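J.: The structure is given below, and queries will be raised subsequently.
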Amino acid sequence: MDTQVLGISVDSTDCLYAWAESLGGITFPLLSDFFPHGRVAQLYGVLRPEGYSERAIFVIDKQGVIRYVDVHEIDDQPDNEVLFAELYKLEPELAAKDRQFLQRQQQAEAAAVAEAQAPAAEVVMYCTPWCPACRRARAYFNEKKIPFVEIDISRDRAAAAQVRQWANGTETTPTFLIKGKVIVNFRIEEIEAALQQP
């Protein structure tokens, strides 16, 4: 598709550079909305009074018209299929070709999931480096001295495909596999109940 992904944050360029480095690099440009602080976020209606922006996605056509807006919780991963559908509205002639490619990709991912084995651990956390709820879960397990295995779904695409199967098509992090029980999102009560089972 003839599209360009851009990331924008109210953080400084040094902070964005460090964040991108911590992820091992990213494949799209990052823009700093640091000075005047949050001006772009304010113009798009997503600057919070506390000085940081909502997590949001905007699809903008080549004429500069906003065609789609999704404002969501920081821990939520938007459904890529919804985003692709919105992009196809802008370039409908590419839809059939891209859908065939995506179907082949999904079939390959499904085969990878079928072959992949979850680690032999009672607690497995599927996460991403930037997920705040993942950091809270990590701190919780460490404080309770609960051993766990961590899988970064931004690097392990078979694991990401597995999470999508469990989480109704979204890459929701953290997702847990605890003694064979899947728990989507950091729900302490459900996690503790799963840990209690034999």
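J.: I need every pair where a residue in region 77-91 that is outside the structural domain of residue 163 (by TED's automatic domain parsing) has its Cβ under 6 Å from the Cβ of a residue that is among the charged types (D, E, K, R), sequence separation at least 6 or different chains.
T.: 77/171; 78/70; 90/61
J.: Condition first: in a strand (DSSP E or B) and loosely packed, with under 13 Cβ neighbours inside 10 Å. Can you find one or more residues in region 56-67 that meet it?
T.: yes
For every residue, the table says whether it meets (1) modelled with pLDDT under 70; (2) among the hydroxyl-bearing types (Ser, Thr, Tyr).
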{"site": "78", "(1), (2)": "no, no"}
{"site": "81", "(1), (2)": "no, no"}
{"site": "89", "(1), (2)": "no, no"}
{"site": "101", "(1), (2)": "yes, no"}
{"site": "140", "(1), (2)": "no, yes"}
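J.: Going by the conditions given, is residue 56 under 19 Å from residue 128 (Cα atoms) and among the hydrophobic types (A, V, I, L, M, F, W, C)? Working first, answer last.
T.: Working: under 19 Å from residue 128 (Cα atoms): yes; among the hydrophobic types (A, V, I, L, M, F, W, C): yes.
Considered against the rule, which asks whether it is under 19 Å from residue 128 (Cα atoms) and among the hydrophobic types (A, V, I, L, M, F, W, C), residue 56 comes out as yes.
J.: Right, another one. Find the residue count for region 18-35, including only residues that are of a type outside the set (A, V, I, L, M), outside any loop (DSSP other than H, G, I, E, B) and touching a residue at least 12 places away in the same chain (Cβ under 8 Å).
T.: Total meeting the criteria: 3.
J.: A follow-up question, please. Within region 144-178, can you find the residues that are in a loop (DSSP other than H, G, I, E, B) and either touching a strand residue (DSSP E or B) at 6+ places or on another chain (Cβ under 8 Å) or crowded, with 19+ Cβ neighbours inside 10 Å (or both)?
T.: Filtering region 144-178 down to residues in a loop (DSSP other than H, G, I, E, B) leaves 144-148, 153-156, 167-174.
Hits for region 144-178 are 146, 147, 148, 153, 167, 171, 172, 173, 174.
The values are calculated or read from the model by the stated rules, or taken from the named source; none is laboratory data. Predicted model only: the values in this text are computed from it and were never measured. When we count neighbours, we look across all protein chains shown, and the Cβ atoms used for this are built from the backbone with ideal geometry, even at glycine.
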